[in-house]
Amino acid sequence: MAIRLYRAYTPGTRNRSVPKFDEIVKSQPPKKLTYNKHIKKGQNNRGIITSQHRGGGHKRLYRKIDFQRNKKYVTGKIRAIEYDPNRNTYICLINFEDGEKRYILYPRGIKLDDTIISSE
């Protein structure tokens, strides 16, 4: 994961760094692994604004991440590396042998078409 450093042409860009998106694969996420997460925007259940200065932002799809990794001894291939807008990390789309697809958090150093397996 490479990091892009900015030139200090204003005080705000001094020491600013952002990740480069070189290894990201531009693809649509599978519909079975995403859903719309309702963001409150500072409103209560009646739609009245109760927390000021909250809201706006870009519409985002929530990706279902497999944190348990409970699919044991089944190999899977890394099909895509994507940026997750809901957390500040990358995620990997895995195609398992039995046809199931899952997202996992991006392990450092993994590349496209690598084979992974979860075990005890």
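The values are calculated or read from the model by the stated rules, or taken from the named source; none is laboratory data. From a predicted model like this one, the values you see are computed outputs, not experimental measurements. Cβ sites come from the backbone with ideal geometry, for glycine too, and all protein chains shown count toward neighbours. In case anyone asks, the SASA skips ligands and DNA or RNA and just uses the protein heavy atoms, side chains included. Shrake-Rupley method; radii C 1.70, N 1.55, O 1.52, S 1.80 Å.
Couple of notes before you dig in:
- For residue 7, the shell of other residues with beta-carbons less than 13 Å away shows a net charge of +3, using +1 for Lys and Arg and -1 for Asp and Glu.
- Relative contact order computed over the chain (Cα-Cα under 8 Å; 6+ residues apart), in percent: 20 percent
- Largest first, the residues 5, 105, 33 sort by 1.4 Å accessible area into 5, 105, 33.
- Overall size of the stretch 68-120 from C-alpha positions, given as principal axis extents largest first: 29, 22, 20 Å.
- Computed from point charges on the beta carbon alone (+1 for Lys and Arg, -1 for Asp and Glu), the dipole magnitude for the chain about its Cα centre is near 760 Debye.
- Residues in the stretch 29-39 carry Karplus couplings, in order, of x, x, 5, 5, 9, 10, 8, 7, 9, 6, 9 Hz; the curve used is 6.51 cos²θ - 1.76 cosθ + 1.60 with θ = phi - 60°, and Gly or Pro positions show x.
- Residue (of 76, 95, 107) at the positive-pole extreme of the stretch 45-108, dipole from beta-carbon charges: 107
- Residue-by-residue Karplus 3J(HN,Hα) for the stretch 62-75, coefficients 6.51, -1.76, 1.60, Hz, glycine and proline x: 8, 9, 7, 9, 8, 7, 6, 6, 8, 8, 8, 6, 10, 7
- Pairs over the 21 Å Cα-Cα cut-off, from the set 20/71; 20/77; 37/111; 26/72; 77/101: 20/71; 20/77; 37/111; 26/72.
- Taking amide hydrogens as placed 1.01 Å from N in the peptide plane, the amide H of residue 80 sits under 5 Å from those of 93, each at least 5 positions away in sequence or on another chain.
- Alpha-carbon spread of the chain, three principal axes, descending order, Å: 50, 46, 27
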